Amino acid sequence: MQPRRQPSPAPPPPALRPRAPLLALLLLLSLRGAAAAPAGPGAAEEPWRPQDAGPLRGLLLQAARAALHFFNFRAGSPSALRVLAAVQEGRAWVNPKEGCKVDLVFSTERYKAEGGEEGLGKCSARVFFKNQKPRPAINVTCTRLLEKKKQEQEDYLLYKQMKQLTAPLDGVSIPDSHGHIDPSLRPVWDLAFLGSSYVMWEKTTQSLHYYLAQLTGVKQWKTDDEEIDFDYTVLLHEFSTQEIIPCHIHLVWYPGKQLKVKYHCQELQTSEASGTEEGSAAAPTKLSNF
């Protein structure tokens with residue numbers, strides 16, 4: 001009688017695999033859990049919304065002024081100074097946490113236009129106001145208003161006139177009480193306007209804008225190099241608050257070179273503010289006057 005064979009052990013059961021409905025349920029639960037979790041650094045940001053039509057016009061004007069201050073400063077040429085003629089078109093988007101972005105097109109004219117000069121220039125710009133913080137970030141491109149060679153000639157003529165100044169102009173007011181600028185003082189005013197453009201851009205916010213009201217004193221420094229190096233005091237008019245803000249500005253300029261500016265302003269309602277030209281690196285620097 002042969003011994004009885006022991007049955008072979010049964011193979012282990014295959015690993016349990018969840019069926020398709022169970023997979024769908026697990027995925028749904030995980031998505032619900034992620035939605036209920038607190039938002040992390042990668043959470044979706046608040047969307048940008050188009051600016052309502054009501055305040056849009058004022059916002060476009062504010063952006064055009066800021067873009068021109070920035071353009072005038074970065075162009076670095078008293079002969080290339082320009083002022084706003086009209087806003088032609090534009091759009092804006094707002095984000096409560098970020099601020100306001102503005103794309104616009106506007107026309108300009110020469111700051112010291114002479115009789116017989118024709119046509120308007122055109123600029124396109126993107127301006128970003130960081131809520132109510134000053135110094136908006138700006139990209140601006142403008143068509144040329146003055147032929148390059150003529151612009152260089154005018155800048156060099158102004159440069160020679162400034163080099164011929166011998167006495168400080170402290171105590172003068174440009175323009176005078178009647179709003180008149182003596183032709184002999186026009187180069188001083190134009191160069192002061194150029195440097196003040198940097199200050200006005202740095203102080204501009206979404207609701208505050210500035211205009212150069214008066215130049216009240218100038219002192220030119222004698223230097224060993226060829227640059228124009230002088231200090232001057234201006235009064236800036238802030239339109240929203242109607243404040244008149246005195247600013248002391250130090251400017252270094254030579255035709256065709258980057259303008260250098262340092263300033264110190266005495267605020268009337270707050271404390272004080274100061275800055276240097278080097279700070280402009282934090283803003284976009286795309287610029288063209290062709």
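Structural remarks
- Taken along the Cα-to-beta-carbon direction at a fixed 7 Å, the label points for THR233 and LYS130 span 3.2 nm.
- Using heavy atoms of the protein chains and a probe of 1.4 Å, the accessible area assigned to ARG126 is about 110 Å².
- Derived scalar couplings ³J(HN,Hα) [the range 97-109; Karplus, 6.51 cos²θ - 1.76 cosθ + 1.60; whole Hz; x for Gly, Pro]: 8, 9, x, 9, 10, 10, 10, 8, 10, 8, 9, 9, 9
- Counting heavy atoms of the protein chains alone, TRP221 has an accessible area of about 110 Å² for a 1.4 Å probe.
- Distance between the pseudo-spin-label points of TYR211 and GLN88 (7 Å out from Cα toward the beta carbon): 2.4 nm.
- Rounded accessible area of LEU68 (nearest 10 Å², 1.4 Å probe): 10 Å²
- Under the Karplus curve 6.51 cos²θ - 1.76 cosθ + 1.60, θ = phi - 60°, whole-Hz ³J(HN,Hα) for the range 146-152, x wherever Gly or Pro sits: 9, 4, 4, 5, 5, 4, 4
- Measuring between alpha carbons in the structure, the pairs from LYS97/LYS122; LYS97/LYS260; LYS222/LYS257; LYS97/LYS257; LYS101/LYS219 lying more than 30 angstrom apart are LYS97/LYS122; LYS97/LYS260; LYS97/LYS257; LYS101/LYS219.
- Here the extension length gained between LYS122 and GLN242 equals 40.2 nm, from 0.36 nm per residue of separation less the Cα-Cα distance.
- Stretch gain in nm, segment LEU56-LYS163, where the contour uses 0.36 nm per residue and the Cα spacing is subtracted: 34.0 nm
- Here r is the Cβ-Cβ distance between ASN95 and GLN266 and R0 is 30 Å; the resulting FRET efficiency, rounded to 0.05, is 0.35.
The values are calculated or read from the model by the stated rules, or taken from the named source; none is laboratory data. Predicted model, so just to flag it, every value in this text is computed and none were measured. Cβ atoms come from the backbone with ideal geometry, glycine included; neighbour counts cover every protein chain shown. Quick note on the areas: whole protein, heavy atoms, side chains included, nothing else; ligands and nucleic acids left out. Shrake-Rupley method; radii C 1.70, N 1.55, O 1.52, S 1.80 Å.
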